[in-house]
Amino acid sequence: MDAYLAALKAYQTFNPSGWVAIYRLLPMWAGIVCCVLGLLLLLFGGGRFFRVLAGPMGALIGLGWTGVLLAKFGVTGTDPRLPTAAAAVLAMVGFLFPPAVVYLGVGIPVGLLGGEIAGPKDYLVGFAPGLILGGLVAAVLNRQVSAILASMLGAWMLVIGALAALHQFGGLVTAMASQPWGLIIAAGLFALAGSVYQIAVRPSPEEVERQNAERQRLKMRKAEQKALEKRWSASRGGE
């Protein structure tokens, strides 16, 4: 577990090689599972499936951003288990209320960007508006942002899973892993394709419910028509 937590720390910094290196910790079967889950997230992650995804995504936010936020605000001497505790809390929040994960998943990076623009002395002045505005926009566009976040995570899981699944082909995988930017670009293209598919091609949950309701009404209408024809035939036969 410590090895996985240490590998996840690479995602707290700009470290493309470290981001890719996590595949070395995954056995082949786990790589295959990651590929399957990645494809599911690319195709269906932004819909109702997002409620299942929001929990792990909240945990990743807690693990990845807690230490960064503490460092940015100069908070020292905290319990090293704090990121793990934050991950557990956010995972629970994600399962119970997925839009909160969407809010934080977009709001925190935007807030950090605003803080960097404002500078160290006015970091909070830049961070707070970025967090609030970025999170609000994400909450308003919940379906679209959910699809994009799910596609991004799914694309990366697909890339890392493929590396882990092909680990037995050492030379090929090592050559691919030595070009982290190529893998990041490939994941970006997968994420773009998944986002476009989920937003523009797949019907929205509201549209699915409308179609289901329409089919149900049509089915009831046909049943009523059959019952009416049956009664009409019986009345004519009685004559």
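The values are calculated or read from the model by the stated rules, or taken from the named source; none is laboratory data. Given the structure is predicted, the values throughout are model-derived calculations rather than measurements. Heads up, the Cβs are rebuilt from the backbone with ideal geometry, glycines too, and the neighbour counts pull from every protein chain shown. Note: accessible area is taken over every heavy atom of the protein model, side chains too, but ligands, DNA and RNA are not part of it. Shrake-Rupley method; radii C 1.70, N 1.55, O 1.52, S 1.80 Å.
Below, the figures for the structure above:
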item: Count - residues of segment 104-122 that are open to solvent by 20 Å² or more (accessible area, probe 1.4 Å) and over 19 Å from L63 (Cβ atoms); result: 8
item: Any hit, segment 69-77, residues being of a type in the set (S, T, Y) and in contact (Cβ under 8 Å) with a residue 60 or more places away in the chain; result: no
item: Subset of segment 163-181 [touching a helix residue (DSSP H, G or I) at 6+ places or on another chain (Cβ under 8 Å), open to solvent by 40 Å² or more (accessible area, probe 1.4 Å) and of a type outside the set (S, T, N, Q)]; result: L166, H167, M176, W181
item: Extreme residue, nearest to F95 (Cα to Cα), among residues of segment 160-172 that are aliphatic (A, V, I, L, M) and touching a residue at least 40 places away in the same chain (Cβ under 8 Å); result: I160
item: Residue satisfying all of: in segment 123-149; more than 21 Å from L60 (Cβ to Cβ) and of a type outside the set (A, V, I, L, M, F, W, C); most open to solvent (accessible area, probe 1.4 Å) among these; result: P129
item: Helices (runs of 4 or more DSSP H) wholly inside segment 1-80 containing at least 3 residues that are surrounded by fewer than 17 Cβ atoms within 10 Å (Cβ to Cβ) and at pLDDT below 80; result: 2-8
